[in-house]
Amino acid sequence: MGDLDADKNTLQTGIKNVFAAGDGVTGPATLIQAVGQARIASQSCHQYLNNQEIKLLKKEFLSKRMRSKFR
């Protein structure tokens with residue numbers, strides 16, 4: 001695990017206005033995982049800044065390789 005303690009669903013830390021993502025939370029992982037976490041953290045931060053309830057995103061982030069039409 002990483003050095004930062006954050007809620008696994010919202011990535012909010014013990015300091016209410018601090019959100020964390022990536023290797024600092026999970027330990028060494030892939031870039032795709034870090035980007036997915038950053039998306040969750042940014043959504044949570046947006047909810048916080050707009051005085052909304054901070055809750056988990058309903059849509060799962062998926063990444064897959066697409067074939068190019070030009071091949």
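Miscellaneous remarks
- Here the extension length gained between A38 and K55 equals 4.6 nm, from 0.36 nm per residue of separation less the Cα-Cα distance.
- Normalised by the number of residues in the chain, the average gap of Cα pairs under 8 Å and 6 or more apart makes the relative contact order 28 percent.
- Of all lysines in the structure, those lying under 25 Å Cα to Cα from K64, and not within fewer than 8 positions of it along the same chain, are K8.
- The residue among A21, M66, Q33 whose Cα reaches farthest toward the positive pole of the charge dipole of the chain, with charges on the beta-carbon of Lys, Arg, Asp and Glu, is M66.
- Axis of helix 31-49 versus longest Cα principal axis of the chain: the two differ by about 40°, to the nearest ten degrees.
- Potential lengthening between I15 and R65 on full extension [0.36 nm per residue; Cα-Cα distance subtracted]: 14.3 nm
- Read-out Cα extents along the principal axes in Å, derived from the coordinates shown; its label in (i) 49, 28, 15; (ii) 100, 16, 7; (iii) 43, 37, 22: (i)
- Of all accessible heavy-atom area on the chain, the percent that carbon and sulfur account for (1.4 Å): 53 percent
- Residues of type aspartates and glutamates that K58 reaches as a straight line, Cα spacing below 20 Å, ignoring anything fewer than 8 places off in the same chain: D7
The values are calculated or read from the model by the stated rules, or taken from the named source; none is laboratory data. Everything quoted here is computed from the prediction, not taken from an experiment. A quick note on method: Cβ atoms are made from the backbone with ideal geometry, for glycine too, and the neighbour counts reach across all protein chains shown. Heavy atoms of the whole protein, side chains included, go into the accessibility calculation; ligands, DNA and RNA do not. Shrake-Rupley method; radii C 1.70, N 1.55, O 1.52, S 1.80 Å.
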